[in-house]
Structure formats: C-alpha cells, structure tokens
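See below for the structure under consideration.
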Amino acid sequence: MINIVFLGPPGAGKGTQSNKIEHEFNIVQISTGDILRNAVKTGSELGKLAKKYMDEGKLVPDDVIIGIVKARLQQDDCKNGFILDGFPRTIAQAEALDDMLKNDLNIELTHIIALEVPDELILERLTGRRSCSKCGAAYHLKYNPPKVDNICDICGSNLVQRDDDKEETINKRLKVYHEQTEQLKTYYSNSGKYYEIDGTKHPDEVYEKIKSILTK
Ligand code: ADP
Ligand code: ADP
Ligand code: ZN
C-alpha cells in the first residue's frame, strides 16, 4: 500500500504529478483544493466559508480542513492507498493527520515527497496555468498546452483560469507557504520516508524520479 503526502509551494506540480501517479498506481488523489473549489461551485455552506479565504490567498481554518480529510480518508476507495495533494499545510494539520492515521485508520504514511521549486518560477507557472472546469486537470499555456486550444484533453470540457491564479493572490499564497507550510519539511525530515525532488525539471523527468522512489 502506498500512502503519499505531497509537499511543495503552490505551482510546484503537485497536482500534475498526483494525476500521473493516480492512474499508474491505481490509488486515489485527494486534493483539498479541488474539494474546496467543488464546494464553492455548488454553493454549499462549506463553499461559502472557504471562498473568503481562498480569494485572499489565505488558508481555510484547520478544523474545517481536518474534518474534510478525516471523512474522505474513511471512504472505501482509499483502501488501496492515497495521495494527499495540498494537505497537510500547517503543523496542526500534520499532527491531526498523524492522529487519524494511527487511531482511526490504523495505517501509516509511506512517502512524504517535497517538490522543490524556487519562488522565481512560481509566478510564471501559475499565471500560465489553465485548469479544466470539470475534472480539474492542470495545463500550462507554454509548458503543457492542451491538444486543442482551451479544451481539456481528458474530458473535453473548457479550460478556465482559477480566480486565485492572479499575480497579487499568488504572492500572498507564496508568503503563506513560507510562513506556515514550509516547516513541514522539517516536521517530516527524520521520518525515514521523506524525499526531496527537484521540481524545476520537465514533468516527465520529475515523474520518473517519483516513480523510482515509489517502486524501490
Ligand atoms: P495550489 O495547488 O495552487 O497549491 P490548492 O488548490 O492546493 O492550491 O489550494 C487552493 C486554496 O485552497 C488555498 O490557497 C487555500 O485557501 C485552500 N486550501 C487548500 N488546501 C488547504 C489546506 N490543507 N489547508 C487550508 N487551506 C487549504
Ligand atoms: P500545484 O498542484 O503544485 O499547485 P500544478 O500541478 O497545478 O501545481 O502545476 C502548476 C502549473 O505549472 C500548471 O500550469 C502545470 O501545467 C505547470 N507545471 C507542472 N509541472 C511542471 C514542470 N515540471 N515544468 C513546467 N511546468 C509545470
Ligand atoms: Zn477535464
């Protein structure tokens, strides 16, 4: 069983790599960002609450996110393994995750993978990102364009630019990453399951590195 946590700044390629792993290793990708964006789209109470934080580039409160992940991890499709993409993002979330894995699910993380991309590259990645309005797949105008302009290769839906992928919000998200999330690298670094990968390389090269870690 493979249970992965992906760390890395916004735009590091967590979603892109998670998608590839999901299909090849047949485990589920759990993106807290996707869950929240779906809630915003359907207009649920969760969506209304989350939108305020997301639009400002801030983190949604820990207790809300922890509740979502706890419920999600208990669903049957997680039994083969999972990829946590975008969670945990704070020490409190990491501690809550440890607690639920141990006391509720009786399983362990197998890999914590940190994708390293310097701030200078993030702005170009995120301003050029286009996301599928239906399935959430990520494209890039320059680095990973869809086969047909503005149409998702996978499901044929329209591509959109995320509300929070504009320069001002990107800078705020990067600040939040450095202040609240980056320290998770230290939190996991002595676990014996922690791997750092250069995320600046071509997506295929990044994936090969990840694959070699997952299959060794
Ligand atoms: P990216 O992939 O660009 O890093 P995400 O899709 O993971 O962005 O997250 C988008 C937004 O959703 C975040 O800026 C934050 O407001 C909210 N969010 C997602 N995951 C979490 C989390 N684990 N804790 C708090 N807020 C979160
Ligand atoms: P995250 O989930 O970490 O926020 P994404 O996977 O959504 O990041 O990638 C952010 C943007 O950068 C997307 O437009 C994606 O197509 C592009 N991208 C992802 N990986 C790479 C890479 N290795 N090189 C260049 N661009 C990339
Ligand atoms: Zn799609």
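Read the figures in this text as sums done on the coordinates, not as results from a lab. These figures come from a predicted structure and were not determined experimentally. Here the Cβ positions follow ideal geometry from the backbone for every residue, glycine too, while neighbour counts run over all protein chains shown.
Placing a pseudo-label 7 Å from each Cα along the Cα-to-Cβ vector at LEU101 and SER212 gives an inter-label distance of 2.4 nm.
Cross-link pairs exceeding 18 Å in C-alpha to C-alpha distance, out of LYS48/LYS166; LYS58/LYS166; LYS20/LYS209, comprise LYS48/LYS166.
Converting phi to 3J(HN,Hα) with the Karplus coefficients 6.51, -1.76 and 1.60 and the offset θ = phi - 60°, segment 180-187 yields 10, 9, 4, 5, 5, 4, 5, 4 Hz in sequence order, with x at every glycine or proline.
The orientation-averaged projection of the convex hull spanning the C-alpha atoms of the chain amounts to 11.3 square nanometres. Placing +1 on the Cβ of every Lys and Arg and -1 on the Cβ of every Asp and Glu, with nothing else charged, gives the chain a dipole about its Cα centre of roughly 380 debye. Looking at the chain only, what percent of DSSP beta bridges run antiparallel? Nearest 5 please. DSSP beta bridges in the chain are roughly 30 percent antiparallel.
In this structure, GLU120 and LYS147 have a Cβ-Cβ separation that, at R0 = 25 Å, corresponds to a calculated FRET efficiency of about 0.30. Each Lys and Arg Cβ is given +1 and each Asp and Glu Cβ -1; about its Cα centre, segment 99-191 then shows a dipole of about 300 debye.
Would you list, by chain and number, the aspartates and glutamates whose Cα falls below 19 Å from the Cα of LYS201, excluding same-chain residues fewer than 8 positions away? Correct list for LYS201: GLU116, ASP119, GLU120, GLU124.
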